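Laboratory data are not the source of any read-out in this text; all were calculated from the coordinates shown. Only a predicted model underlies this, so the values are computations on that prediction, with no experimental measurement involved. Cβ coordinates were reconstructed from backbone atoms using ideal geometry, including for glycine residues, and neighbour counts include every protein chain displayed.
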């Protein structure tokens, strides 16, 4: 049985593959690595159910205990909050949730707008530029680095390590990047312990060192949280901006509407997230017992892959799902997941995406693709969906 998720065409445009798989069955077995199959969830109702089913565990360490996977991922990556279940997940998430509340995000909006304007000030009308390299990439990196207190001089390294962590098919590069970013953040934790500041990382250090009378965070958990926040805190937004811009440039009528009424932009972000989800297929879950989902029986100890990118184009939930429709009302999309593992940075991602896209449509009335859309290069990973580069003419 061939794996449709490894076809080169899948990375360029996964949606025909998703549609064919969903049409056959909204939950189906697909080949996996090491001779172990996985179960792929492509239907909307089934994905929403799977996201909240407590019989689907995220504890990868427990699942692979005693197995030689042949990998050398740093534990800060392999055992992050993303790969834990309650109660540990609940405890860790509670320590960082306050940094991403609507109020906290609102206080960041002037900074986000300032960084956006500074980046776009470098664009020259009529001269080609790469919108990923000059906006979609550096903007979210700058924001999450500001939150964590990462020095400006290290932003480029952070972006490089993050890219390497999603190098599909290159496990040695992924493993090396995991050690590089974890080592860097361990050093940064030590520096901020010596010289605390008002960053989120210093707040986490205070929780670790028990200034409130209890030690709520282990040192390994502290570094792991920092790695997760740094990487996940910008990857989704980079792809949101890139995918959203591609979608708008390919839909002139929608782009014209937003130029005429920029106040529609932030409401349009949900439809852009639905249409081309920044996360194509979520990280692994594992069945703790035999379950039945979407008419398919999934044996105990089976890996399960939930595909928000597929679920968000399920015609049973979103009619004419392949069409960008700014009037659709895309609430309920699964681009940020669902349930206890829903992306806690969703309010921040929405704010950054809305501010960036609004600036683009208002500042550059002639903005267009510099190459045919069919020639765009897309990231070679089934986890993240986004263009590698995005040549545009401002």
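Values computed for the structure shown
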| read-out | value |
| --- | --- |
| Inter-probe distance in nm under a simple model that places probes 7 Å from Cα toward Cβ, at residue 297 and residue 219 | 5.0 nm |
| Cβ-based exposure ranking for 198, 130, in which fewest neighbours within 10 Å come first | 198, 130 |
| Anisotropy class of the chain from Cα gyration tensor, a/c 1.5 cut | oblate |
| Stretch gain in nm, segment residue 290-residue 371, where the contour uses 0.36 nm per residue and the Cα spacing is subtracted | 24.3 nm |
| Pairwise Cα inverse-distance average, inverted: Kirkwood Rh of region 106-209 (Å) | 15.6 Å |
| Globularity index of region 135-290, i.e. its alpha-carbon radius of gyration over 2.2 N^0.38 Å | 1.26 |
| For 89, 333, order by how many other beta-carbon atoms lie within 10 Å, fewest first | 89, 333 |
| Most mobile of 23, 38, 202 in a GNM of the chain (Cα contacts under 10 Å) | 23 |
| GNM flexibility winner over the chain from 340, 306, 241 (Cα, springs under 10 Å) | 340 |
| Whole-percent pair-distance distribution, where bins are 10 Å wide, for the alpha carbons of region 66-151 | 13, 29, 28, 20, 9, 1 |
| Relative contact order computed over region 4-393 (Cα-Cα under 8 Å; 6+ residues apart), in percent | 27 percent |
| Cα-based radius of gyration of region 1-147 once divided by 2.2 N^0.38 Å, which approximates compact folds | 1.42 |
| Ranking of 184, 18 by count of other Cβ atoms within 10 Å, fewest first | 184, 18 |
